[in-house]
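In what follows, a structure is listed as structure tokens, so that the remarks can point back to it.
The values are calculated or read from the model by the stated rules, or taken from the named source; none is laboratory data. Remember, it's a predicted structure, so these values are computed and weren't measured experimentally. As a convention, Cβ positions derive from the backbone with ideal geometry for all residues, glycine included, and neighbour counts pool all protein chains shown. Remember, those area values only see protein heavy atoms, side chains included, never the ligands or the DNA or RNA. Shrake-Rupley method; radii C 1.70, N 1.55, O 1.52, S 1.80 Å.
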Amino acid sequence: MAILEDDLIERIRRRVPSSVGGALQLGIGDDAAVLRPRGGEWVLTCDQFLENVHFLIDVHTPDSVGYKALARATSDIVAMGARPRIFLLSLALPAERTGRWLDDMLRGLSRAARRFGLRLAGGDTARSAGRPGPLALNLMVLGEVERGRAIGRAGARPGDAIFVTGRLGGAQLGLEIVLRRMYRRREFRRLLRPHFYPSLAVDLGVWLSHERLASAMMDLSDGLSTDLARLCRASKVGARLSETDIPAVVVPPSLQKLGLQQLSLALHGGEDYGLLFTVPRRLAPRIPRVFRGTSITRIGEVVAGREVRLVSEDGHAPRLIPRGWDHFRAAFSFSGRARTGA
Ligand SMILES: [Mg+2]
């Protein structure tokens, strides 16, 4: 079944927010997009979402594939304190997926675009060879931040308070349910949501940047233990976390019996896409517990040195070893164990 590329592009344009306006002077339909900066700075990222690596075509609904592909890419823009503005979509699509599957995927993508304030400015489509070929989405996202206020990873200093948003481990719990092939069970449906449809703290990121409150920030994509180690390495500092303060996902007893532990999921589970940020001690009281629907928890403090330690209630403080998601160490597989090994 052949499909004309022009027709495909027209279908995408009709379904996804893509009208010109704001920074977008010229969008879909020409050879390239034209943007007009408005005095701030651009923040740029791209992210791949690949069948059999990041999602499984028979498990993940097309709606969730579209939503999550854009959420993942946009998360890195939010993590800089920038406001998401424009995105480009490159799509490698097998012929079998150009019908209903594509429409449903675009629906999820559009919802994410509206929620995060993004307009599609263009992209590229190609047919994926193979029977059926692997599907690939590549999202390039551009955000805008006030001049000099992008929040990097390298600014944390000893004494800074460490904060995270949301409950940690929820996306991993959803993935564990998928990996154990229990995703069709009604009682677990609600628990799948953070894995299928991650939410982003867009307004919080922009506020932290505007108010100059955060000394360092990143998104939680690969698990707290791994991501905090990265932030500490970039800032040349260590950290002490308080175990009892970690806002862990609540695991139902039936899943705890299968070995799924709340603290382990919260420390090492990936893909939550919340924010991890540090705030100088004197500014920390300005951080609220909830900001426009996003819960915020203080989990520890930055210290001198290079070690990250987890302080438990009884005062023990073992080193926290990074055991989150490593792309080159683990693959998305039903046959293997859960990807954190937790
Ligand atoms: Mg990131």
*Restricting attention to region 182-212, and to residues there that are within 16 Å of the ligand (Cβ to nearest atom) and out of contact with any helix residue (DSSP H, G or I) (no Cβ under 6 Å at 6 or more places or on another chain), which single residue is most open to solvent (accessible area, probe 1.4 Å)?*
199
*Only one of (1) over 19 Å from residue 268 (Cβ atoms); (2) hydrophobic (A, V, I, L, M, F, W, C); (3) part of a helix (DSSP H, G or I); (4) away from the ligand (no atom under 16 Å from the Cβ) is not met by residue 178, so which one is it?*
(1)
*Output yes when any residue across region 213-232 is among the acidic types (Asp, Glu), open to solvent by less than 20 Å² (accessible area, probe 1.4 Å) and part of a strand (DSSP E or B), and no when none is.*
yes
*Considering each of 313, 307, 271 in turn, give the residue that is among the acidic types (Asp, Glu) and closer than 15 Å to residue 230 by Cα.*
307
*asked:* Could you check region 279-304 and list, in sequence order, the residues that are aliphatic (A, V, I, L, M) and either surrounded by fewer than 15 Cβ atoms within 10 Å (Cβ to Cβ) or over 21 Å from residue 230 (Cα atoms) (or both)?
replied: 283, 284, 287, 290, 304
*What do you reckon, is residue 38 open to solvent by 50 Å² or more (accessible area, probe 1.4 Å) and more than 18 Å from the chain's Cα centre (by Cα)?*
yes
_So residue 216 passes all but one of these: (1) out of contact with any strand residue (DSSP E or B) (no Cβ under 6 Å at 6 or more places or on another chain); (2) over 26 Å from residue 191 (Cβ atoms). Which condition number does it fail?_
(1)
*If you go through region 126-158, how many residues are open to solvent by 10 Å² or more (accessible area, probe 1.4 Å), more than 21 Å from the chain's Cα centre (by Cα) and small (Gly, Ala, Ser)?*
6
*Restricting region 51-105 to residues that are open to solvent by 30 Å² or more (accessible area, probe 1.4 Å) and within 16 Å of the ligand (Cβ to nearest atom), which is nearest to residue 28 (Cα to Cα)?*
76
*Residues in region 133-140: is at least one in a helix (DSSP H, G or I), at pLDDT 95 or above and either farther than 26 Å from residue 272 by Cα or in contact with a Phe, Trp or Tyr (Cβ under 8 Å, 6 or more places away or on another chain) (or both)?*
no
*Is it the case that region 234-255 has a residue that's touching a His at 6+ places or on another chain (Cβ under 8 Å) and either modelled with pLDDT of 95 or more or open to solvent by 20 Å² or more (accessible area, probe 1.4 Å) (or both)?*
no
*Residues located in region 316-342, provided they are modelled with pLDDT of 90 or more and surrounded by fewer than 16 Cβ atoms within 10 Å (Cβ to Cβ)*: 316, 317, 318, 319, 321
*asked:* One residue is enough: does region 174-181 have a residue meeting the conditions open to solvent by 10 Å² or more (accessible area, probe 1.4 Å) and among the small types (Gly, Ala, Ser)?
replied: no
*Can you spot a residue in region 261-280 that is away from the ligand (no atom under 16 Å from the Cβ), of a type in the set (Val, Ile, Thr) and either touching a residue at least 24 places away in the same chain (Cβ under 8 Å) or touching a Cys at 6+ places or on another chain (Cβ under 9 Å) (or both)?*
yes
*asked:* From the list 127, 114, 119, exactly one residue is over 28 Å from residue 208 (Cβ atoms), away from the ligand (no atom under 16 Å from the Cβ), in contact with a Pro (Cβ under 8 Å, 6 or more places away or on another chain) and not small (Gly, Ala, Ser). Which is it?
replied: 127
*Residue list for region 4-31, restricted to those being in a loop (DSSP other than H, G, I, E, B) and open to solvent by less than 60 Å² (accessible area, probe 1.4 Å)*: 16, 17, 18, 22, 23, 27
